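The values are calculated or read from the model by the stated rules, or taken from the named source; none is laboratory data. On a predicted model such as this, the values are computed, not experimentally measured, just so you know. Every residue, glycine as well, gets a Cβ built from its backbone with ideal geometry; the counts of neighbours run over all protein chains shown.
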2 protein chains.
Amino acid sequence: MVMNMPNWLKQRAFLTPDRSALVFNERKWTFSQLFDETCRTADRLYSAGIQKGDYCGVLAANQPETVFTIYALQQIGATAVMLNSRLTTDEIAWQLHDAKAVYLLYDQEHTEKAQLIPSIQSLFITGIETVSTAAEVRHTFSLEETCSIMYTSGTTGRPKGVIQTYGNHYTSAVASALNLGLHSDDTWLCAVPLFHISGYSILMKSVLYGMEVHLMEKFNSKRVNQLLKSGDATMVSVVTAMLSGMLNELEGDYSSRLRCMLLGGGPAPVSILEACKAKRIPVFQTYGMTETASQIVTLAPEDSLGKLGSAGKPLFPCAVKIDGADEGEILVSGPNVTPGYLNRPDVNKQAFQDGWFRTGDIGRLDEDGFLYVLDRRSDLIISGGENIYPAEIESVLTGHPAILEAGVTGVPNDQWGSVPAAFYVNKQPVSEEELIDFCREKLARYKVPAYFVKVDALPRNAANKLLRRELAKQWSEQDED
Amino acid sequence: MVMNMPNWLKQRAFLTPDRSALVFNERKWTFSQLFDETCRTADRLYSAGIQKGDYCGVLAANQPETVFTIYALQQIGATAVMLNSRLTTDEIAWQLHDAKAVYLLYDQEHTEKAQLIPSIQSLFITGIETVSTAAEVRHTFSLEETCSIMYTSGTTGRPKGVIQTYGNHYTSAVASALNLGLHSDDTWLCAVPLFHISGYSILMKSVLYGMEVHLMEKFNSKRVNQLLKSGDATMVSVVTAMLSGMLNELEGDYSSRLRCMLLGGGPAPVSILEACKAKRIPVFQTYGMTETASQIVTLAPEDSLGKLGSAGKPLFPCAVKIDGADEGEILVSGPNVTPGYLNRPDVNKQAFQDGWFRTGDIGRLDEDGFLYVLDRRSDLIISGGENIYPAEIESVLTGHPAILEAGVTGVPNDQWGSVPAAFYVNKQPVSEEELIDFCREKLARYKVPAYFVKVDALPRNAANKLLRRELAKQWSEQDED
């Protein structure tokens, strides 16, 4: 089996040099131009010392220069450690250290944050002016090589670096095309962050399909609606909170050119699905994660109401099964599934069994093989498309001298779908303001609990395991009062 | 790297059970129905003794039962040795013996021929009535497993079995989709033989894409034109001789739903390309072979006149290079390229070098990287889409007691593109009729020379190598007289 492929962007620029590759505000690049910009960026990074095999943090917004940087690292053969720009400097420093990253690439917007990160050589992406040596252009990419790392947290609260190989990205893009089709006039609107797999995977699809990407710096429902109404984009990735905002603002219909609204981040409320049906918006709900290099299970629009609440069926090269007779942990397999977590043999041993990846999520399959996700792994909170792990917040809170123990759960929120709420038992009096300030220092803003609830004791089972579902129940009962 | 995939047809029937899979005259099958028919066929074949790992000859026409048989062998895990039904019994017997095939599956139309093949257990596909044991349904296919064998000849005249793995077929279908796109309403018209890679690959695309195939028993230009005019097919594979016949008959235009006329078998004459342009027919010229599991280089319609005579650029996962400074042997690489010829380590050693497959064809690349095929390997004659190897015919001719030596070359023919012409030096008088009868006994009809020319000596170079190009030159000069 051949494991090498032609260097992706080079091959794409060779095959279809004049096709549109990237649109950002009023600026446009063909694949030939994109490859030129990428090579120039690669030369700069290479001259600054970045070499094949290096792990490099990328702390940057959705900007064309970030796209050039992502592709430039591929040209050099360095691995991109994609950093969530909303993380605190402590969180970023921890991830860079864990990945043994030797460089941190940052853009204008993240200069201040980047310069606070200790023990790493920080490089301002557009600030490297010296080009002493041209980077060697690679002829081939190996599908087994690590392309990117993205961190994800788990029950322990300690984030783990997900290895994404070139093979993972390639097979993910292919599996998606076999599911959603591939039209020569497709444009994918990217209003999700490039540091998430949802955004990064759009870039990989672009180069593999020869497809235009319309990059948006930040999600803006008015602007997204404009682009979908004018027919400038035919595909778009959203999470429920984004779609909800778009529908609220939408007057009239989207263009008939819109052929896929790819909706991630948990099952959508029926009201949204019905609104989409009325507006003839082709919603494809999808279940995926950093570990599956994006989509792995997808629900076609025609099933969205008939199979309400389902995430759909697996992509063609993938499989899903339940560990249990009826409900149980969701196991997935496929060529897009990560080979493992970086430097975590302990975790990998538990997460991978007989070719299956244990997602940690709980679900069931109906008689037609449709997947229903009942509970996200480790009581995962999905807030506006960001994954939040209760254990991570709990571990910060118990680090405060006044707190004895803490339990965090997601509670419903109209704008974000869900937000974290913290329940705590204290040793000494402490104000909510102080707890907020304490969390803000150590946690990205979106992880800071929206609510703090003082309790006498946390609900625990016989084995003393925290019952986060009970917290959620307490919250909803309190809400009804 | 994961090398296993879900069992293709089973997965497809699970994912999109109600989509149309196969149309043949007035009969239709969804993927669910196709899978049922296939399982029934698999049970019959299994009950008749066919097991995983067996090599089974398939001698059958383009009929639904042949499709069920092809998929059924995949279900069992047996390898299909696809036999050109135009071959003589001697030729078929040789291929079956060479492949160590243990069964020969044949249909009604080929009963007589099949029963003449010695030393093999012949099974009439639809004649197996006893079902004693249900075949075990496989959960996965390994991409490295051999799916099919197709024979191709070479310079020695002795055919070689090309190994086509599941991985070859999968990556070929994917590479083609990345090139031609993939629409949910595509229907591929298959009027080429299923025993050729051109036809077999359409079936693999069907199951991998979830796409309808319209199967035609025999090519009929009137019927093909009807289907393309009505919009019942959006894609079709043809060779020049077929397209030429279609254009001659065509009144009016094809439906605007026709989005790909995939044209194989050598560069098309400019007159045909211009006629297609005038009729707005999207012609994709392509270069491929049994060893590349179909397409490997393709020319987009917009380049067909600007790059006249070119076969185009490689598919995304593939590469092409020339062994030589300017003109030279064409080398190709990609995941769709065969791992080798069956049981022929000698030939494989020469044919594969550093990850490249030596096609034997001669070509050049222009400054934009477009491939021009200058001469088919081993003076290959392509006649109406069939490959004819001069050496094979020469070896038959010199077996006749009256013939001293023989040289065969392709000469132009309006209907077939090219037909074989034989030049010979005799030892004793012999009539053309006798030579024709002699050839017909030993060679498939399309290989029997259309012309016999008695000469005093054959053109040879200093190393005594036959100069077949000189023969072609002599013919064209004689033609002008």
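Things worth noting here:
- From B:GLY340, B:GLY312, B:GLY306, residue being within 14 Å of chain A (Cβ to nearest Cβ) and without any contact (Cβ under 8 Å) to a residue 12 or more places away in the chain: B:GLY306
- Selected residue (only one of B:SER230, B:SER304, B:SER221, B:SER271 is in contact with a Phe, Trp or Tyr (Cβ under 9 Å, 6 or more places away or on another chain) and in the same structural domain as B:ARG364 (by TED's automatic domain parsing)): B:SER304
- Among (1) at pLDDT 85 or above; (2) touching a strand residue (DSSP E or B) at 6+ places or on another chain (Cβ under 9 Å), the one test that B:SER395 misses: (1)
- Looking only at residues in the range A:266-285 that are outside any loop (DSSP other than H, G, I, E, B) and not aliphatic (A, V, I, L, M), the one that is surrounded by the most Cβ atoms within 10 Å (Cβ to Cβ) is A:GLN285.
- Annotation note: of A:ILE403, A:ILE388, A:ILE382, A:ILE393, the sole residue that is over 16 Å from A:CYS439 (Cβ atoms), crowded, with 19+ Cβ neighbours inside 10 Å and not small (Gly, Ala, Ser) is A:ILE382.
- Every test in (1) out of contact with any helix residue (DSSP H, G or I) (no Cβ under 8 Å at 6 or more places or on another chain); (2) modelled with pLDDT under 95 is passed by A:TYR55 save one, and that test is (2).
- Residue check for B:GLN51: more than 14 Å from chain A (Cβ to nearest Cβ) and out of contact with any strand residue (DSSP E or B) (no Cβ under 8 Å at 6 or more places or on another chain): yes
- Checking each residue in the range B:1-28 for being of a type in the set (A, V, I, L, M, F, W, C) and under 25 Å from the mean Cα position of the chain (by Cα) picks out B:TRP8, B:LEU9, B:ALA21, B:LEU22, B:VAL23, B:PHE24.
- Residue match in the range A:158-175 (condition: part of a loop (DSSP other than H, G, I, E, B), more than 14 Å from chain B (Cβ to nearest Cβ) and either on the phi < 0 side of the Ramachandran plot or not small (Gly, Ala, Ser) (or both)): yes
- When residues of the range B:1-39 are limited to those that are basic (Lys, Arg) and touching a helix residue (DSSP H, G or I) at 6+ places or on another chain (Cβ under 7 Å), the one farthest from the other protein chains (Cβ to nearest Cβ): B:ARG27
- Residues located in the range A:331-356, provided they are among the basic types (Lys, Arg) and crowded, with 16+ Cβ neighbours inside 10 Å: A:ARG344
- Single residue of the range B:317-330 satisfying the filter (within 14 Å of another protein chain (Cβ to nearest Cβ) and part of a strand (DSSP E or B)) that is surrounded by the fewest Cβ atoms within 10 Å (Cβ to Cβ): B:LYS321
- Qualifying positions in the range A:86-95 - in contact with a Leu (Cβ under 6 Å, 6 or more places away or on another chain) and surrounded by 19 or more Cβ atoms within 10 Å (Cβ to Cβ): A:ILE92
- Subset of the range B:139-157 (residues that are farther than 25 Å from B:VAL236 by Cβ and either among the hydrophobic types (A, V, I, L, M, F, W, C) or away from chain A (no Cβ under 13 Å) (or both)): B:PHE141, B:LEU143, B:ILE149, B:TYR151, B:SER153, B:GLY154, B:THR155, B:THR156, B:GLY157
- Strands (runs of 3 or more DSSP E) fully within the range B:1-80 that include at least 1 residues being closer than 30 Å to B:GLU91 by Cβ: B:20-24, B:55-59.
- Residue count for the range B:417-446, restricted to those that are crowded, with 17+ Cβ neighbours inside 10 Å, modelled with pLDDT of 90 or more, out of contact with any Leu (no Cβ under 9 Å at 6 or more places or on another chain) and not in a strand (DSSP E or B): 2
- Test result for B:LEU247, surrounded by fewer than 19 Cβ atoms within 10 Å (Cβ to Cβ), free of Cβ contacts under 8 Å to residues at least 60 places away in the same chain and in a helix (DSSP H, G or I): yes
- All positions within the range A:310-355 that are out of contact with any Leu (no Cβ under 8 Å at 6 or more places or on another chain), of a type in the set (Val, Ile, Thr) and within 22 Å of A:LEU178 (Cα to Cα): A:VAL332, A:VAL337, A:THR338
Each row is one residue, and each column tells you yes or no for (1) β-branched (Val, Ile, Thr); (2) part of a strand (DSSP E or B).
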residue	(1), (2)
A:SER85	no, no
A:GLN95	no, no
A:LEU104	no, yes
A:THR130	yes, no
A:ILE149	yes, yes
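- Condition met for A:LEU371 (in contact with a Phe, Trp or Tyr (Cβ under 7 Å, 6 or more places away or on another chain), within 14 Å of chain B (Cβ to nearest Cβ) and under 30 Å from B:PRO6 (Cα atoms)): yes
- When the range B:109-125 is filtered for residues that are touching a helix residue (DSSP H, G or I) at 6+ places or on another chain (Cβ under 7 Å) and surrounded by fewer than 14 Cβ atoms within 10 Å (Cβ to Cβ), the ones remaining, listed by number, are B:LEU116, B:PRO118.
- If you filter the range A:330-367 down to residues that are under 21 Å from the mean Cα position of the chain (by Cα) and among the charged types (D, E, K, R), you find that the one that is modelled with the lowest pLDDT is A:ASP361.
- Residue match in the range B:248-259 (condition: of a type in the set (A, V, I, L, M, F, W, C), away from chain A (no Cβ under 14 Å) and more than 23 Å from B:TYR166 (Cα to Cα)): yes
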